[in-house]
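Notes follow once the structure below has been shown.
The values are calculated or read from the model by the stated rules, or taken from the named source; none is laboratory data. Small disclaimer: the values here were computed from a predicted structure and weren't measured. Cβ: placed from backbone, ideal geometry, glycine included. Neighbour counts: every protein chain shown. Quick note on the areas: whole protein, heavy atoms, side chains included, nothing else; ligands and nucleic acids left out. Shrake-Rupley method; radii C 1.70, N 1.55, O 1.52, S 1.80 Å.
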Amino acid sequence: MNDFLEQAKELFSYTQSLRRDFHMHPELGFREVRTGGIVVKELEALGIEVTKGVGKTGVVGLLEGTKPGPTLLLRFDMDALPIVEETNAEYASQNNGVMHACGHDGHTAIGLTVAKILNSHRDQLAGTIKFCFQPSEEGTNGEEIGGAEMMMRDGLLEGPKVDMALALHLWNEQPLGWLGIAGGPTMAGAELFSIKITGKGGHGAVPNATIDPIVASAHIVTALQTIVSRNVSPLETAVVSVTILHSGTAFNVIPQEATLGGTIRTFDSRVRQKVLERFEQIVRGTAEALGCQAEITIKRITPALVNDMSISEKVQETSRHILPDADLHTAGYLTMGAEDAAFLLEKVNGCFFFVGSANRERHLDYGHHHPKFDFDEEALIHGSALMAAAALDMLNQK
Ligand SMILES: [Zn+2]
Ligand SMILES: [Zn+2]
């Protein structure tokens, strides 16, 4: 049964050339026209039925097995980031200011490789594989919702109805050969917040005639640190980060307003509720105590990503057969990063797993979203082999 690894190795030059081509021609969220076009062409070449324009630039491919069975969604994201690349790689971005700095070029290449592999095993598939090439994972890029939600709004999970889902991420936080496949909460839910503090401006030398929004903001930033340290249990996790603080334009003027922004991350809905409550109380209470008014806007970006226990166990089992030498981590691998696949896994049981891709000796270990981010392309083999084998196993075990 382990011809999957062999097949992924044989297809490596295909996977790598696709990956490098996507890397050279990165496209931002909802603008993956060239990338999506290549996806369509490659899927159609296999005889896979393709639907374009699902969630603007998203592409869906249907591969029906020769036997009846459930429908399994395999999701791969396609978008790049607004970053000026500094890798000096021979395949560096030719689209200045846009870069594949998260590995989604690799995900798209893996997706097309998986399509090739599974297509060659069609006679063993009991059910349908729905390939989902998703736009705009990294944000909404000016739209009201991101890529996963947009595809779902356009019917991704219907016709045929999706019964389960798999997705992966190349993971530069861990070395090549590492695999993270865990049931339960895996990636944090994220909200973004913005706060406007309004005081009363005036002369910097006459503070008593003003209400200083800068002093109030400084107290708010400090007081917000107590949510994680004093309101969340030491055995649970949350993040409250203030990442934006703007105010003032002149050395001798106390400004009228200050604006703050940042993000909140949680895994557990009770913890999330508690953090949001305390956030509101602290911001309002502190602002009022210092004579200012606070306007708070909190927007949910993604829910927490929670893997189904039994599906995750199946993927672990497959990985033991397909990649027996891998350093497999099965217990609660948590990351505070957020992923919009969480919207899919809120509706459909599934597993989102991580494929270690860093190589320190070759300096391929910069973090995701870094201008020097690049990964060891051997991880493409691991991702393709495991995704294809797990898909086949899931359709045949159900
Ligand atoms: Zn990213
Ligand atoms: Zn990503």
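Assorted remarks:
- What separates the Cα centres of the range 184-232 and the range 336-391 is a distance of 35 Å.
- Carbon + sulfur, % of accessible area of the chain - ligands and nucleic acids excluded, 1.4 Å: 50
- Distance between the C-alpha centres of the range 73-144 and the range 1-48: 8 Å, rounded to the whole angstrom.
- The chain, dipole about Cα centre (Lys/Arg Cβ +1, Asp/Glu Cβ -1), debye to the nearest 20: 900
- Computed from label points 7 Å out along Cα-Cβ, the spacing between Arg300 and Asp3 is 4.6 nm.
- Percent of beta bridges antiparallel (DSSP, the range 1-141, rounded to nearest 5): 60
- Each peptide in 379-391, 54-66 receives the mean, over its residues, of other Cβ atoms within 10 Å, and ordering these scores from highest gives 379-391, 54-66.
- Tilt relative to the chain, helix 12-24 - C-alpha long axis, 0 to 90 degrees, to 10: 30
- Fraction of beta bridges assigned by DSSP in the chain that are antiparallel (%, nearest 5): 65
- Normalising the average separation of contacting C-alpha pairs (under 8 angstrom, six or more residues apart) by the number of residues puts the relative contact order of the range 205-318 at 29 percent.
- Cross-linked pairs Lys116/Lys161; Lys41/Lys299; Lys347/Lys372; Lys314/Lys372; Lys41/Lys130; Lys41/Lys372: Cα-Cα separations exceed 28 Å for Lys41/Lys299; Lys347/Lys372; Lys314/Lys372; Lys41/Lys372.
- Residues in the range 308-329 that a label on Gln124 would reach, taking backbone N under 14 Å of a point 7 Å out along Cα→Cβ: 318-319, 321-323
- Two-site FRET efficiency, Glu280 against Arg320, from Cβ-Cβ distance with R₀ of 35 Å, rounded to 0.05: 0.15
- Highest to lowest packing among 322-330, 176-184, 242-250, scored as the average C-beta count within 10 Å: 176-184, 322-330, 242-250
- Nearest-ten-degree value, helix 269-289 long axis tilted from longest Cα axis of the chain: 20
- Against the chain, whose longest principal axis is taken from its Cα atoms, helix 213-226 shows a tilt of about 50°.
- The stretch between Ala289 and Asn96 holds 64.7 nm of extra length on full extension. This uses 0.36 nm per residue minus the Cα-Cα distance.
- Overall Cα dimensions of the chain, principal axis frame, Å, largest first: 80, 43, 42
- Surrounding net charge for Thr297, when Lys and Arg each add one and Asp and Glu each subtract one, Cβ distance under 14 Å: +1
- Partners for Lys200 among aspartates and glutamates (Cα-Cα distance below 12 Å; same-chain residues under 8 apart left out): Asp212, Glu257
- Applying 1/(1 + (r/R0)^6) with r as the Cβ-Cβ distance of Thr226 and Gln256 and R0 = 30 angstrom yields a FRET efficiency of 0.60.
- Sorting the segments 110-120, 287-297, 216-226 by their residues' average number of neighbouring beta-carbon atoms within 10 angstrom, most packed first, yields 110-120, 216-226, 287-297.
- Of the GluC sites (Glu not before Pro) found in the range 101-183, the ones in coil according to DSSP and having at most 16 other Cβ atoms within 10 Å of their Cβ are Glu143, Glu144, Glu158.
- CD proxy at 222 nm, helix term only [per DSSP H run n ≥ 4: -39500 (n - 2.57); per residue of the chain; nearest 500]: -10500 deg cm²/dmol
- Per residue solvent-accessible surface (Å²) - the chain, probe of 1.4 Å: 42
- Loop-located GluC sites (Glu not before Pro) in the range 358-398 (DSSP state not H, G, I, E or B) with no more than 12 neighbouring Cβ atoms inside 10 Å: Glu361.
- Prolate/oblate/rounded label for the range 276-398 (Cα gyration tensor, a/c 1.5): oblate
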